[in-house]
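The values are calculated or read from the model by the stated rules, or taken from the named source; none is laboratory data. Just so it is clear, the structure is predicted and the values come from calculations on it, not from any experiment. Cβ coordinates were reconstructed from backbone atoms using ideal geometry, including for glycine residues, and neighbour counts include every protein chain displayed. In case anyone asks, the SASA skips ligands and DNA or RNA and just uses the protein heavy atoms, side chains included. Shrake-Rupley method; radii C 1.70, N 1.55, O 1.52, S 1.80 Å.
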Amino acid sequence: MNYIYDILLNFNRQLYDFFEWNMNDNIIHIRKMPLYRIDSKALLQIHDNKVKVSSEFLNRISHKTEVFSNKDVDTIEYATLLTDGSSVFAVKFNREGESIKKSMLLVDEEIDVLDISNRLKESSIGYEVVEHESSFSFKTRREQKMEKFVLDELYKSRKDQAYEKLQYLYFECFGKSEDSVDKILCQFKHQMQDGDYQMIHKLYDFFKLTFVQK
């Protein structure tokens, strides 16, 4: 079995590039972790979907990933690095063999792993696709959080019956009046889905300002 040593990982349900890692993320320091090279089709399917690997593969990686801790070295029950020689990411599995979390690598560490992976033979890990969960998006992690915050505040305003606030925001964003709160919310949501980041930023700044003023 081939191992990679001394890398940082940031396991999440969604794959984030290293430049989107946050200070409050649970970034872990890996002491060693198994590395498998698989074909590009399999890597893409595992990247874009929730998969279930074979019990045989699960046994191969059982407690093989070691993590530095404050007192000693802990292990992750089921985890591994997967690569096709061009890209690489880490996957964590549950006891049933289902992928539950994934992590990208830091750029310099990714380059080192890919250099090693090009000298490895391809392996077959045995898996099946359980559920499509492609998380590819042109939105950054910050933009996704901003959008969720804005949507939460818009619907909270309706719940609090702050209709004049919603009507004011609608006029500020679209330059026209609208009395129907449902139409206002529908239009805001539609514009967000279309990627109207200028509007999202305007609403975000407004709601953040109201928090400061409270």
### Task
Restrict the check to segment 5-15 and report whether at least one residue is over 13 Å from residue 88 (Cα atoms) and without any contact (Cβ under 8 Å) to a residue 60 or more places away in the chain.
yes
### Task
Pull up segment 55-86, narrow it to residues that are crowded, with 17+ Cβ neighbours inside 10 Å and among the small types (Gly, Ala, Ser), then point me to the one that is farthest from residue 21 (Cα to Cα).
85
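Looking for whichever is under 30 Å from residue 188 (Cα atoms) and either touching a Gly at 6+ places or on another chain (Cβ under 7 Å) or not basic (Lys, Arg) (or both) here; the options are 103, 157, 99, 86. Which one fits? First the steps, then the outcome.
Numbers: 103 fails: under 30 Å from residue 188 (Cα atoms); 99 fails: under 30 Å from residue 188 (Cα atoms); 86 fails: under 30 Å from residue 188 (Cα atoms).
The conditions single out 157.
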### Query
Does segment 93-123 hold any residues that are touching a Phe, Trp or Tyr at 6+ places or on another chain (Cβ under 9 Å), surrounded by fewer than 12 Cβ atoms within 10 Å (Cβ to Cβ) and farther than 18 Å from residue 64 by Cβ, and which are they?
107
### Summary
Within segment 147-201, the residues that are open to solvent by less than 80 Å² (accessible area, probe 1.4 Å) and not in a helix (DSSP H, G or I) are 162, 175, 178, 180, 195, 196
### Query
So residue 52 fits all but one of (1) in a strand (DSSP E or B); (2) within 16 Å of the chain's Cα centre (by Cα); what number is the exception?
(2)
#### Entry: Cβ-Cβ under 9 Å pairs, at least 6 apart or on other chains, segment 184-205 side at pLDDT below 85, far side surrounded by fewer than 18 Cβ atoms within 10 Å (Cβ to Cβ) and assigned to a loop (DSSP other than H, G, I, E, B)
195/138; 195/139; 197/139
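Do we find that residue 43 is in contact with an Asp or Glu (Cβ under 8 Å, 6 or more places away or on another chain), buried (at least 19 other Cβ atoms within 10 Å of the Cβ) and outside any strand (DSSP E or B) in this structure? I'd like the intermediate steps shown before the answer.
Numbers: in contact with an Asp or Glu (Cβ under 8 Å, 6 or more places away or on another chain): yes; buried (at least 19 other Cβ atoms within 10 Å of the Cβ): yes; outside any strand (DSSP E or B): yes.
Yes, satisfied.
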